[in-house]
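Derivation of every value follows stated rules applied to the coordinates shown; laboratory data play no part. This structure is a prediction, so every number in the text was calculated from the model and none was measured. Positions of Cβ are backbone-derived with ideal geometry, glycine not excepted, and every protein chain shown enters the neighbour counts.
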Amino acid sequence: MLVIRRRSGESVFLGEDIEVEILDIESSQVKLGIRAPREVVILRKEVRWTELANRGAARSDLPERLDGLVRGLR
Amino acid sequence: MRGRFRNSRKSFQLQVKANSAEEKEAVTTLDTASFGTISYRDEEAIHFPLGLPGFEEERRFITIDLSSLQPLIVLQSLNRPDLFFLTLPVEDIDARYDLKLLEEYRQVIGARGILPRLVVLAIVSVPETGPPTANLLGPVVIHSAHRLGVQAIRDDSRYSVAHPLALQGGL
């Protein structure tokens, strides 16, 4: 991981086309501005986690362990 | 927006109505692989303007509450008969679940001011091995009256994306 310090108003470039700017720094929160081409997907980490969880949770049939699961939940 | 909500099991009942001369509602059928042929009225469909993360194209779902699966609720895609998610009402996992609905999600489902009656479901993952888990970080939130839904992902670390489910007697 590259660790870099920036102050409010300063920027970092990722590759040729992505710029991350520190817009504001508060005591517990940083406001970032991100300039990137449309095709670059920018996601909060929690949204990416949910994306992965959804892909794992999506089903086309009921689980084999369904009876045990249902009994265990009741 | 934080708030209390109450899931009512009545909200999930999929009303299967026999055809009758008096009933002129538009009923659609869907041949699902796991639940047979289901019939639903168009008003029962829930519209997800953003889809779900990872499934952004899936915009229409219905909830199915089968007594054989309770307390699990099925979130069935109306677009793909072979796609569904198993879910649990969040209060069945954590009786004191504190919903955090960010403004961007509140707008998607049209929830303004005092929190309206919302259905809040956690998507359950049942892996081949290992314990089943529930996503309490990003629950599916449904505005029943508006028939709108969204997966509202928190921006804090209070709840887990893979909360292990406590099962009586193990699995």
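Please give me the summed charge of the neighbours of B:L83: other residues whose Cβ is under 9 Å from its Cβ, Lys and Arg +1, Asp and Glu -1.
Value of the local net charge: 0.
Please report the antiparallel percentage of DSSP beta bridges with both residues in the stretch B:32-171, rounded to the nearest 5.
Antiparallel bridges: around 95 percent, rounded to the nearest 5.
Give me the log10 of I(q) over I(0) for the stretch B:107-167 at q = 0.18, 0.29 Å⁻¹, as the Debye formula computes it from C-alpha points; what are the numbers?
Values, matching the q order: -0.69, -1.15.
Average partner chain C-beta neighbours within 10 Å, per residue of A:42-52?
The mean count of partner-chain Cβ atoms within 10 Å per residue comes to 6.
Suppose every Lys and Arg Cβ carries +1 and every Asp and Glu Cβ carries -1, with no other charges. What dipole size does chain A come out with about its Cα centre, to the nearest 20 debye?
Dipole size: approximately 360 debye.
Pick out, from A:L43, A:F13, A:S60, the residue whose Cα sits farthest towards the positive end of the charge dipole of chain A, with +1 on the Cβ of Lys and Arg and -1 on the Cβ of Asp and Glu.
A:S60
How far apart, in nm, are the 7 Å Cα→Cβ label points at B:Q168 and B:R96?
Going by the 7 Å Cα→Cβ label model, 2.3 nm.
Using the Karplus equation 6.51 cos²θ - 1.76 cosθ + 1.60 (θ = phi - 60°), what ³J(HN,Hα) coupling, rounded to whole Hz, does each residue of the stretch A:50-66 give in order, writing x for Gly and Pro?
5, 4, 5, 4, 4, 5, x, 8, 4, 10, 10, 8, 6, x, 4, 8, 4
Return the average number of partner chain Cβ atoms within 10 angstrom of each residue Cβ along peptide B:121-129.
4
By per-residue mean of other Cβ atoms within 10 Å, what is the highest-first order of A:16-23, B:44-51, A:27-34, B:154-161? If you can, show how the numbers build up before the last one.
Values: A:16-23: 12.9, B:44-51: 16.9, A:27-34: 9.2, B:154-161: 15.0.
The densest-packed peptide leads the list: B:44-51, B:154-161, A:16-23, A:27-34.
If you average the alpha carbon positions of the stretch A:29-46 and of the stretch B:72-106, how far apart do those two centres end up, in angstrom?
Cα centroid of the stretch A:29-46 versus Cα centroid of the stretch B:72-106: 26 Å apart.
Please express the Cα-Cα pair-distance distribution P(r) of the protein assembly as shown as a list of whole percents, one per 5 Å bin, running from 0 to the bin with the greatest distance.
Reading upward from the zero bin: 1, 6, 12, 16, 17, 15, 11, 8, 6, 4, 2, 1, 0, 0, 0.
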